[in-house]
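As C-alpha cells, the structure follows; a few thoughts come after it.
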Amino acid sequence: MTEVAVELPRGLDQAFTAVAGELGMATAAWLFVRAVARCAGDEGVAELAADLGETFTVLEAVAHRWLAGSREASTDPSAVLDALGNATRLVVVGLEAAPLDELVRRVPSGLKIAMIAHSQFPVDWGRIFDNYGGGVERVDLDTFQTWAGPRSALLTFAYGRHDTRTCVRPLWLRACGADVRAQFRSLIGWDILGAPLEHYPRWLVETETTTFTHFVS
C-alpha cells in the first residue's frame, strides 16, 4: 500500500502567529494540533511539527505530545492555587488563555488578578480583557508594581523544563528585576507544557527554575 503524503494549507505560520497573539502559544498550539488531527490524522500532526516546529517550538512540543498519546492540555491550576496561599493580588506576566481561564474560574473571591498588556505578537488587548468581564485588570510594565506587597504574587507561564532550566516569555525577564523580586512575596512559574523543548526557543528565553519561589507543573 502506497502512503499518501499529507499536504497542509499554506500560510499556517502566519495564522499561528495571529492566534498565538490572542490566545498564547501553548493554547494556540493545542487548537492547531486538534484541528489538524481532525482533518488529517496523526500524519497531518507529524507534518505540522515538521513544517513549523523549528520556528514555533511550543507547537512542535504539543504536536509530539499528541503523537505520544496525550490529548489534553495542562490547565489544572490546583498547584498554582496552593502556591498562592493567602495572596490577595496576582499579576500575570504573559498570556495563555486556556490555563488562565481555569485559574480565573477557581481563584477565591478575595484574590484580585491583573495582567501586563505586553506581547511580541499583535494583540487586541481590549478584546482580551473584555473576555474576562472585569475579572482580570489591565496593567502595563510601568504600572504593575503598584500591585506589589506582602500578599502579592507574580506568575508567568513556563514552557517545559530541562534539569534546572525552563523557558519563559522575554517579558518575564523585563518585568522581574531585582527590585521587583523584593516587592512581591511569591514568584510563580507554571509549566503548562510538561516536556522540554527540542529546538532553540525563538520566541522564548531560558531562566533558572530556582529564580522562582514556586515552580509548578
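Looking at residue 45, is it without any contact (Cβ under 8 Å) to a residue 60 or more places away in the chain, more than 29 Å from residue 118 (Cα to Cα) and outside the structural domain of residue 158 (by TED's automatic domain parsing)?
Working: without any contact (Cβ under 8 Å) to a residue 60 or more places away in the chain: yes; more than 29 Å from residue 118 (Cα to Cα): yes; outside the structural domain of residue 158 (by TED's automatic domain parsing): yes.
So residue 45 fits the description; yes.
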Quiz item: Of all residues in the stretch 127-175, how many are out of contact with any strand residue (DSSP E or B) (no Cβ under 8 Å at 6 or more places or on another chain) and farther than 26 Å from residue 59 by Cα?
Solution: 6
Quiz item: Only one of (1) more than 16 Å from residue 213 (Cβ to Cβ); (2) of a type in the set (A, V, I, L, M, F, W, C); (3) at pLDDT below 95 fails for residue 182. Which number is that?
Solution: (1)
Quiz item: Restricting the search to the stretch 171-217, which residues are in contact with a Leu (Cβ under 8 Å, 6 or more places away or on another chain), surrounded by fewer than 15 Cβ atoms within 10 Å (Cβ to Cβ) and not in a strand (DSSP E or B)?
Solution: 174, 181
Self-check item: Single unsatisfied condition, residue 66 versus (1) in contact with a Pro (Cβ under 9 Å, 6 or more places away or on another chain); (2) over 27 Å from residue 122 (Cα atoms); (3) of a type in the set (A, V, I, L, M, F, W, C)
Solution: (1)
Quiz item: Of all the helices (runs of 4 or more DSSP H) wholly in the stretch 1-118, which have at least 1 residues that are closer than 23 Å to residue 214 by Cα, modelled with pLDDT of 95 or more and among the charged types (D, E, K, R)?
Solution: 78-84, 97-106
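Just give me the residues in the stretch 23-43 being in contact with an Asp or Glu (Cβ under 9 Å, 6 or more places away or on another chain) and either crowded, with 19+ Cβ neighbours inside 10 Å or of a type in the set (Val, Ile, Thr) (or both), in sequence order. Let's see the steps before the verdict.
Just the residues of the stretch 23-43 that are in contact with an Asp or Glu (Cβ under 9 Å, 6 or more places away or on another chain), to begin with: 23-30, 36, 40, 43.
Scanning the stretch 23-43 gives 23, 24, 25, 26, 27, 28, 29, 30, 36.
The values are calculated or read from the model by the stated rules, or taken from the named source; none is laboratory data. Since we're looking at a predicted model, the values are computed, not measured. Quick reminder, even Gly has a Cβ in these numbers, built from the backbone with ideal geometry, and neighbours come from all protein chains shown.
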